[in-house]
Amino acid sequence: MVRLVKENYIPFLAIVGVLAWAIPGGGHFVLKERKRAIIIFATVFVTLCIGLYVGSIGVIDPVGAQPWYYGQVAASPVVILLGYITAGGEYPVHGKPSEIGQIYTCVAGLLNLLFVVNAVYLAHIRYSEAGEG
Amino acid sequence: MFTGELMPLLGYFLYSFSSMVTGTFTAPDQVGVTPSSILWLVPLVGSIAVAYKVTKLPTITAGNFIKETLVLFGSIVVFIAITALVLFALTWLIVE
């Protein structure tokens, strides 16, 4: 049992981490933390959508606003897809809408990063407990 | 394993979300540089309060979660309001 645990330890943590990033709450979902997963998904989704609503998809700018983009990407791979669409500069946004949109989308990404770390830590705890038991 | 049941869900999420976003959120909203634009911080504080409590509470029950989140939300908003008042008073003292 302990040997099996050690063999699958890293892939298990990696799967939980990648799922948590791909779908906000996905990591908690596979750990049977369904209520947390739903709340996490709703929080990141709503925060990201408010940012995109206020500033438009133009706030995701991998060329002109790279530091913000790195934070935004943590929200989901969808942001990378949107980055490809907006990279040509077809969706210009300036002033207050840009500022608010960037803050919201970047905070959504950073919150999801927190959830990814939390999901991987929970997975580590679960695996350690399974190994001892 | 569990990834098998999640992969279609993942694909559906990525496709539907990107379609919705590229179809609707293509023009920015009108937000002026006014004192009321500060209110945009309120939903953000809500998100942060929910995110903090969802990771910290050992068990999630509706009543307890809502209560704890509201207390944290209120604490942050009150702290921001007090900080704003202090800064405003300092500015007023310096300028007048």
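The values are calculated or read from the model by the stated rules, or taken from the named source; none is laboratory data. All figures in this text were calculated on a predicted structure; none of them were measured in a lab. In this analysis, Cβ positions are derived from the backbone assuming ideal geometry, glycine residues included, and neighbour counts consider all displayed protein chains. Keep in mind that these areas ignore ligands, DNA and RNA; they rest on the heavy atoms of the full protein, side chains included. Shrake-Rupley method; radii C 1.70, N 1.55, O 1.52, S 1.80 Å.
Find the sum over both chains of the accessible area lost when A and B are paired, probe 1.4 Å, and report it in Å² to the nearest 100. Please list the in-between numbers first.
Working: alone 7910 and 8270 Å², together 12700 Å².
Adding both sides of the contact gives about 3500 Å².
With every protein chain present, what is the per residue accessible area of chain A (1.4 Å probe, Å²)?
Numbers: 6190 Å² over 133 residues.
Solvent-accessible surface per residue comes out at 47 Å².
Restricting to DSSP H runs of at least four residues, report the calculated mean residue ellipticity at 222 nm for chain A, -39500 (n - 2.57) per run over all residues, nearest 500 deg cm²/dmol. It would help to have the intermediate numbers written out before the result.
Values: 6 runs with 103 residues, N = 133.
So the calculated ellipticity at 222 nm is -26000 deg cm²/dmol.
Considering only DSSP states other than H, G, I, E and B, which trypsin sites (Lys or Arg not before Pro) in region A:1-93 qualify as loop sites with at most 11 other Cβ atoms within 10 Å?
Details: sites: A:R3, A:K6, A:K32, A:R34, A:K35, A:R36; in loops: A:K32.
Filter output for region A:1-93: A:K32.
Where does chain B land at 222 nm, in deg cm²/dmol rounded to the nearest 500, when only DSSP H runs of n ≥ 4 count, each adding -39500 (n - 2.57), divided by all residues? Present the calculation step by step, with values, prior to reporting the outcome.
On the way: 3 runs with 73 residues, N = 96.
After summing the helix terms and dividing by the residues of chain B, the value is -27000 deg cm²/dmol.
With a cut-off of 8 Å between alpha carbons and a minimum separation of six or more residues, what is the relative contact order of region A:6-132 in percent? Kindly include the intermediate steps, with their values, before the conclusion.
Details: 174 pairs, mean separation 44.6, N = 127.
Answer for region A:6-132 is 35 percent.
Against the longest principal axis of chain A, how steep is helix A:2-22, in degrees 0 to 90 to the nearest 10, with axes from Cα atoms?
It is inclined by approximately 20 degrees.
Given a 1.4 angstrom probe, I'd like the percentage of the accessible area of the protein assembly as shown that is carbon and sulfur, rounded to a whole number.
Numbers: 9140 of 12700 Å².
Carbon and sulfur atoms account for 72 percent of the accessible area of the protein assembly as shown.
Ignoring everything but the protein chains, give the 1.4 Å probe accessible area of A:T43 in square angstrom, nearest 10.
We get 10 Å² for A:T43.
Would you work out if the protein assembly as shown is rounded, prolate or oblate? Take a ≥ b ≥ c from the square roots of the eigenvalues of the alpha-carbon gyration tensor; rounded if a/c is under 1.5, else prolate when a/b is larger than b/c, oblate otherwise.
Details: a/c = 2.47, a/b = 1.40, b/c = 1.76.
Cα axes put the protein assembly as shown in the oblate bin.
Grab the other residues whose beta carbon is less than 14 angstrom from that of B:V50, score K and R as +1, D and E as -1, and report the net. Intermediate values should be presented prior to the final figure.
Details: positive: A:K35, A:R36, B:K53, B:K56, B:K67; negative: B:E68.
Within the 14 Å Cβ shell, the charges total +4.
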